[in-house]
1. What residues qualify as long-range amide H neighbours of ILE408, i.e. H under 5 Å apart, gap of 5 or more or another chain, H built at 1.01 Å from N?
2. Across the range 70-75, in residue order, what do the Karplus-derived ³J(HN,Hα) couplings come to in whole Hz, using 6.51 cos²θ - 1.76 cosθ + 1.60 with θ = phi - 60° and x for Gly and Pro?
3. For the range 68-117, what class follows from the C-alpha gyration tensor (a ≥ b ≥ c being the square roots of its eigenvalues): rounded when a/c is under 1.5, otherwise prolate if a/b is larger than b/c, else oblate?
4. Quick one: Cα centre-to-centre distance for the range 354-382 and the range 389-406, in angstrom?
5. Once you charge only the Cβ atoms, +1 for Lys and Arg and -1 for Asp and Glu, what is the size of the charge dipole of the range 358-422 about its Cα centre, to the nearest 20 debye?
6. Find how much the distance from LYS348 to LYS117 grows on full extension, using 0.36 nm per residue of separation minus their present alpha carbon separation; answer in nm with one decimal.
7. Which ³J(HN,Hα) values, rounded to whole Hz and listed in residue order, are derived for the range 86-95 from phi using the Karplus coefficients 6.51, -1.76 and 1.60 in 6.51 cos²θ - 1.76 cosθ + 1.60 with θ = phi - 60°, glycine and proline given as x?
8. Is there a pair in LYS117/LYS443; LYS71/LYS190; LYS86/LYS210; LYS117/LYS418; LYS210/LYS443; LYS86/LYS117 whose C-alpha atoms are over 28 Å apart, and which pairs would that be?
Amino acid sequence: MAPSSSADSVINSSFTVKNWVAHVNGSLDQDLESVTEHSFSIFQVPGNLRSQNPEAYAPQLIAIGPLHHFKPELYPMQTFKLAAAKRAHSSLHLPSFPEFVRCLSTLLPAIRCSYDKHLEISDEALAWILAIDGLFLLDYLHNYGELRHSSRRHFLDSSERKVNGDSVVKDVLMLENQIPLSLLMEVETKYADSSISEPLTVLLFDFCCKLSPFDLHETYPDVGLIEPRHLLDVMYQLIWLKDKPLDERARMGRTTKAAIRIAEEFVADLWDEAKDANIGLIQSVAAPVDRVVRLSKALGISDRLRKAIGEDEEEVLLPTASQLRSVGLQFGCTRDGIRSLRYDTNLKMLWLPAFTWNPNCEVLIRNLVAYELMAKSENLIVNRWVQLMSCLVRSAADVMMLKEERIIVLPTDTEDGKIVELFAGMAGSGNPEDKTGFDDHVKGVNELYNSHRKIKMSKVVKKYLKVSWDVAKVMAAVLLLVMLGVQTFCDVYKCH
């Protein structure tokens, strides 16, 4: 019985010493130098991302590759997958399935290195999984265009449940549901003949163009990709095609806040030591002082002090689209993809890539964000775009404004609120402190916004009111502490 976690039995099952010895013994017989040249490219999604929307990261219908293969809830689609694998097997004129599986076994060491966790599964089982799933994926890519526009868009699984074709698309795009492209390329190189109408690279490009919410690089077949790892990696590379390298990461701590906290902890430790020293005077005032300390914590005086000395509220990366329009900034649509985001200082115009919503885009974007983070990409361009859009789009009015500029394109039956929900749900996906090539443009937009007379006046008024209120609260708290201190002194020394 397979566990329900994303890793399933191929990762989380018991790994005995006997298994380890067999694994090491088999590994030493392989060409380890060539295998170790392959870096991880298929990752388990981190828990903090998965918790936002678990269904966006775990396949709901079809498992591709070993990570989710043994989930019982995915078995109803097994017959559908096997039928597709048989079609591909026949059209490619492959040798018998057992012989084909044996041929793929030579790729297994490199394929295992593609996963960021050890796969606790035999080579034979892994080879069969990859053979069936690889052929299914080839058949799916070949026939995707027909499936989109035919009655086969909806089909029945083995339990006669009606299945929407979009659900299969979502599963194919998930990070944990990828298989290395080296497998498909090996099949194409060794076995493809003139009966195959299109090469794998063209199939991948066409598939990504149909599903991408961004305009992709139309000259891709001439440009090529940089060692594409899997289908999601192809989509990722097409979206940004090697933009400028990352700037150095800059991280700043809030030193004043930290200093106050350290001072509080130091004084508290010192007071505890003094109480334990059995000094007569300290013992006589210990109970009243502890009462004052408890009261100050209950009143939150330390927190108010931190705020009063200048701790800012949480900053956002950008104001909303409506706020930016109110200070004279214009929006323009660029059809050159996500890498073309820029701010034109002279025109006071923020150019944003066209984003076309489709039923699969949330799953795609979430998995691209996860892949970019886990692969430690040198330029977190998708993450930053998500953060920017999460700031710009916070209401239906913001969506309407960007729709007018063709920056957001929605089907007629899709409500504006769906886009607000989409970006609100992904707002915390990345790290806002990560630096990208977009940051100079973001800085320019913020400078325009903050330099406007209306915004300056608004900030001055808010700051004055905030400081006045904080000072009043701190003064009241200090006065209360003084009164308690006087009362404590008089309790000890019997004031009259």
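1. When sequence neighbours closer than 5 places are left aside, the close amide H contacts are PHE355, LYS403.
2. My calculation for the range 70-75 gives 9, 7, x, 5, 9, 5 Hz in order.
3. Values: a/c = 2.67, a/b = 1.03, b/c = 2.59.
Taking the square roots of the gyration eigenvalues as a ≥ b ≥ c, the range 68-117 is oblate.
4. Answer, in whole Å: 19.
5. Values: 7 positive and 10 negative charges, 47 e Å.
The dipole magnitude comes to about 220 debye.
6. Answer, rounded to one decimal: 78.3 nm.
7. My calculation for the range 86-95 gives 5, 4, 5, 4, 6, 5, 8, 6, 6, x Hz in order.
8. Violating the 28 Å Cα-Cα cut-off are LYS117/LYS443; LYS71/LYS190; LYS117/LYS418; LYS210/LYS443; LYS86/LYS117.
Quick note: the coordinates plus some simple rules give every number you see, no bench work behind them. Please read all numbers here as calculations on a predicted model, not as lab measurements. Because the Cβ atoms are built from the backbone with ideal geometry, glycine has one as well, and the counts that use them run over all protein chains shown.
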